[in-house]
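S.K.: Please find one structure pasted underneath; my questions will follow.
Every read-out reported here was derived from the displayed coordinates using simple, explicitly stated rules and does not represent laboratory data. Just so it is clear, the model here is predicted, and its values are computed rather than measured. So basically every Cβ, Gly included, is an ideal-geometry build from the backbone, and we count neighbours across all protein chains shown.
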Amino acid sequence: MNPPTIAPATTDQIPALAALFEAQLREHDIDSPADGLIPVLQSLSEQPQHGFILCATCDGAVVGVAYAACILSLEHSGWSGWLEELYVLPEWRGSGLGSRLLDAVIAGAKERRWMALDLEVDSAHQRVISLYARRHFQPLSRTRFALLLRDGRRGF
């Protein structure tokens, strides 16, 4: 088996990416079916100014994915990133692939001259904190809130 490669996602990978993002969101108890994610991923591929998706593949199979959204931040005084999702298939966890994906996201953010990269860690996934701490992410003393503006209906 060859080692995984990490590269910007391509449009032909969108269905596989949607399946991985669906699995990631399911781990966070978020019901977001893959068919609802596909239009969002297509929009991102057509409008790269909104962020970027990296895809980890091994022998043609998608085994990991990361999505960083671009935001204009007052807090960071410029364009910054929000690492919305970083997901590695369970059988690939512990292999260093998550670290490689995170390094590639950080490199992509620097290439785009983003001021910062923010993320959140689900309270049920504390094991990943060390991954971010090793890359010098600092914890913030905040609580995140969300308001669904479409009555919980999915769609793009």
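S.K.: Over all directions, how big on average is the projection of the convex hull of the alpha-carbon atoms in segment 88-135, in square nanometres?
M.R.: For segment 88-135, averaging the hull's shadow over all directions gives 3.7 nm².
S.K.: Are there GluC sites (Glu not before Pro) in segment 75-156 that DSSP marks as loop and that have at most 15 other Cβ atoms within 10 Å, and which are they?
M.R.: On the way: sites: Glu75, Glu84, Glu85, Glu91, Glu111, Glu120; in loops: Glu75, Glu120.
Passing both the DSSP loop test and the Cβ count: Glu75, Glu120.
S.K.: Given a 10 angstrom Cα cut-off, can you work out which residue in Gly64, Gly108, Gly36 is the most mobile in a GNM of the chain?
M.R.: Gly36
S.K.: Pick from Tyr132, Tyr87, Tyr67: which residue has the top mean-square fluctuation in a GNM of the chain where Cα pairs under 10 Å get a spring?
M.R.: Tyr132
S.K.: Let me ask something else about it. Test of understanding: in a Gaussian network model of the chain with alpha carbons linked when under 10 Å, which of Phe52, Phe21, Phe145 would top the mean-square fluctuation ranking?
M.R.: Between Phe52, Phe21, Phe145, it is Phe145 that shows the largest mean-square fluctuation.
S.K.: What list of ³J(HN,Hα) values in whole Hz, one per residue of segment 128-142 in order, does the Karplus curve 6.51 cos²θ - 1.76 cosθ + 1.60 (θ = phi - 60°) give from phi, with Gly and Pro shown as x?
M.R.: The phi angles translate into 8, 4, 5, 4, 6, 5, 5, 9, 6, 5, 9, x, 10, 8, 9 Hz.
S.K.: In deg cm²/dmol and to the nearest 500, what is the mean residue ellipticity at 222 nm of the chain if only DSSP H runs of at least 4 residues count, each as -39500 (n - 2.57), divided by the residue total?
M.R.: Estimated from H runs of four or more residues: -9500 deg cm²/dmol.
S.K.: Sorting Leu17, Leu72, Leu25 on the 10 Å Cβ count, fewest up front, what's the list?
M.R.: Result, fewest neighbours first: Leu72, Leu25, Leu17.
S.K.: Moving on. Which entry in (i) 44, 38, 31; (ii) 68, 42, 28; (iii) 43, 29, 28 is this structure's computed Cα extents along the principal axes in Å?
M.R.: Matching entry in (i) 44, 38, 31; (ii) 68, 42, 28; (iii) 43, 29, 28: (i).
S.K.: Neighbour counts of other C-beta atoms within 10 Å: give me Met115, Met1 arranged from fewest to most. Before the final figure, lay out each step's value.
M.R.: Details: Met115 14, Met1 5.
By the 10 Å Cβ count, ascending: Met1, Met115.
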